[in-house]
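Visitor: Have a look at the structure that comes next, please.
The values are calculated or read from the model by the stated rules, or taken from the named source; none is laboratory data. Nothing here was measured: the structure is a model prediction, and the numbers come from that model. Note that each Cβ is placed from the backbone with ideal geometry, even for glycine, and that neighbours are counted across all protein chains shown. Calculation scope for accessible area: heavy atoms of the full protein, side chains included, ligands and nucleic acids excluded. Shrake-Rupley method; radii C 1.70, N 1.55, O 1.52, S 1.80 Å.
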Amino acid sequence: QVVEAQFVLSFVHRFLEHRGATTYFAFCYPFSYTECQDMLARLDGRFQDCRHMSPSSPLDSVYYHRELLCHSLDKLRVDLLTITSCHGMQEKREPRLDKLFPDTSTPRPHCFTGKRVFFLSSRVHPGETPSSFVFNGFLDFILREEDPRAQMLRRMFVFKLIPMLNPDGVARGHYRTDSRGVNLNRQYLQPDAELHPAVYGAKAVLLYHHVHSRVLPGSPDWRTFVSPLSTISLSLKSPNCPVPAAEATLSELDKSNNLRNCPGAWRAQLSDSTEPAPWILASSHSTEHCEEGPWAPLEAAEPPEPIAPRDSGLAYYVDLHGHASKRGCFMYGNSFSDENDQVENMLFPKLISLNSPHFDFTGCNFSEKNMYARDKRDGQSKEGSGRVAVYKALGIIHRHLEGPGGQAVAGEALQPCAAIHGGAQPRGHRAPKPPRAQGWGCNRAQVCARVGRAVAVAALDMADCNPWPRIVLSEHACLGNLRAWMLKHVRGLRGAGGGPRRRGGARTPPRSSTGLPTSASDNALARARSFSNGTSGSGGSQQDSPRIRASPSFTFGSPRP
């Protein structure tokens, strides 16, 4: 039901167990710490030969490395995965960072040249189990050995993945906190190695690769590299990408092309919005194996000069969550005063929406208010979240995206995203046919896995090197046109009045503080009701459904741009 614009899920359960038995009701489909460890153990067996890889290994082989980042307060494992190809592999290994990587029997992964880092983490809020299903879909996709898209991703990036940032909360059944009752996603500004070991470790890895994984001038472009022994050539350019017809539009695009045409923009951004970054240094014990003995304190020093965002070794930072009340699959991103930066900031989630019908771009939030809002319960600011704190530490303009996320709060037709920042039904997309009565929970996990795959594929589209692009089938046809559309969209959001005009003179729906439409159509709700009643999602049944008012926690989809 919908009561006062809020979802209400009601059900009847008959307790048939013996008297005194305990019955658990899961908020959404579970994924436990034990299941996570079992999954990683299976991957260890599948890729056990990777421990013997060297720079002479076949270049497109999957390089998989699992190591212990740190122990949680309850002495559970916080794992760090490294996944890439053998392109650019060196004999040299990454150094051990102070207070991290305590298992000296496991060597650090090899270093790689010509590749930036894609960092992905999940379950900092332990009750948001949908984030694990998105993570698993992403992980499964980049480990595909024969998929040319996965091969290209491994050529381009070194993936650093943390599947479970808060294993204590997961094991204890907490919703947002660790074993001490602390919300770890508010500790990224100044994490403590003793009190917040996982957050401390995640930020240390980010800071390290920001400096040491930079692609220096003259480095090879592995996207176009073809081994003399290879029988498969991966194309850098998307096939059948039409040349944009409107030169005027492209000239606007040139102005918005990230920071490449604005050499001084990042310095101003750093001086206005960031704080000096502590530079994580390697432990002085050894570059490969940490000697026995006490850890040295974390050293910090000012770099000789700041690193431009475009030169950072960190290409993407994505933290996966689940939302308790918002509907659909979406992202939270940072807000930038410069429209060129905002275009690149919003382009990535837009590309995810083109690769997944379950991701809702209009549900994303890129407002400054959402960067510094305080929690209603404890008053803690989102400034301490990973998304904002990592931006403030590194000054990266357009790669700090939190999400996707969402919970399924109502069991209706969409095989709802029980998994990503959102809720019952993704907005703004045509709903698929309702699932069968059996296996609904598994279908929700599958939907989340598909969104995880879309996150990976969108990174290919951002570089315009997707061997199987979907953007060519969209109204934009190619990345250039989409960037130009995004520039116009950003300018429209910031313009005076009720938003930019569309064809025919009609205005877009009123916009909220997020800078995106708050409400436009009741079709999604009508579909949900008709599907839940077992009827078709088309026809007059949609028009007969009663209308309800929109609220900030229950917003409807908007028409396509």
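Visitor: Return the sequence-ordered ³J(HN,Hα) values of segment 194-208 in whole Hz as given by the Karplus equation 6.51 cos²θ - 1.76 cosθ + 1.60 applied to θ = phi - 60°, using x for Gly and Pro.
Guide: 8, 8, 10, x, 5, 5, 4, x, 4, 5, 4, 5, 4, 5, 4
Visitor: Using a 1.4 Å probe over the heavy atoms of the protein chains, calculate the carbon and sulfur portion of the accessible area of segment 43-123 as a whole percent.
Guide: 47 percent
Visitor: Name the shape class, rounded, prolate or oblate, that the alpha-carbon gyration tensor gives for segment 73-182, where a ≥ b ≥ c are the square roots of its eigenvalues, rounded holds for a/c under 1.5, and otherwise prolate holds if a/b is larger than b/c and oblate otherwise.
Guide: Details: a/c = 3.03, a/b = 1.45, b/c = 2.09.
It is oblate, given that a/c is not under 1.5 and a/b is not larger than b/c.
Visitor: While we're looking at this one, here's another question. Going down the table (Lys203/Lys326; Lys75/Lys369; Lys115/Lys369; Lys75/Lys326), which pairs top 32 Å between alpha carbons?
Guide: Lys75/Lys369; Lys115/Lys369; Lys75/Lys326
Visitor: While we're looking at this one, here's another question. Show me the three semi-axes of the equivalent ellipsoid for segment 322-374, from the C-alpha gyration tensor (sqrt of 5 times each eigenvalue), largest first, rounded to whole Å. Intermediate results must be reported in sequence, preceding the final value.
Guide: On the way: eigenvalues 74, 56, 6 Å².
Largest first, segment 322-374 gives 19, 17, 6 Å.
Visitor: Order these peptides, 319-325, 120-126, 219-225, 463-469, by their mean beta-carbon neighbour count within 10 angstrom, highest first.
Guide: Numbers: 319-325: 25.1, 120-126: 26.7, 219-225: 15.4, 463-469: 19.1.
The packing order, highest mean first, is 120-126, 319-325, 463-469, 219-225.
Visitor: Sort 1-9, 165-173 for me by packing, meaning the mean count of neighbouring Cβ atoms within 10 Å per residue, highest on top.
Guide: On the way: 1-9: 11.8, 165-173: 22.8.
Packing order, densest peptide first, comes out as 165-173, 1-9.
Visitor: Tell me the per residue accessible area of segment 341-396 using a 1.4 Å probe; a whole number in Å² is fine. Please report the intermediate quantities before stating the final value.
Guide: Values: 1690 Å² over 56 residues.
Dividing the accessible area of segment 341-396 by its residue count gives 30 Å².
Visitor: If one computes the Cα centroid of segment 305-331 and of segment 99-144, what distance in Å separates the two points?
Guide: Each part reduced to its Cα centre gives a spacing of 14 Å.
Visitor: How big, on average over all directions, is the shadow cast by the Cα convex hull of segment 1-56, in nm²?
Guide: Numbers: hull surface 36.8 nm².
Averaging across all directions leaves 9.2 nm² for the Cα convex hull.
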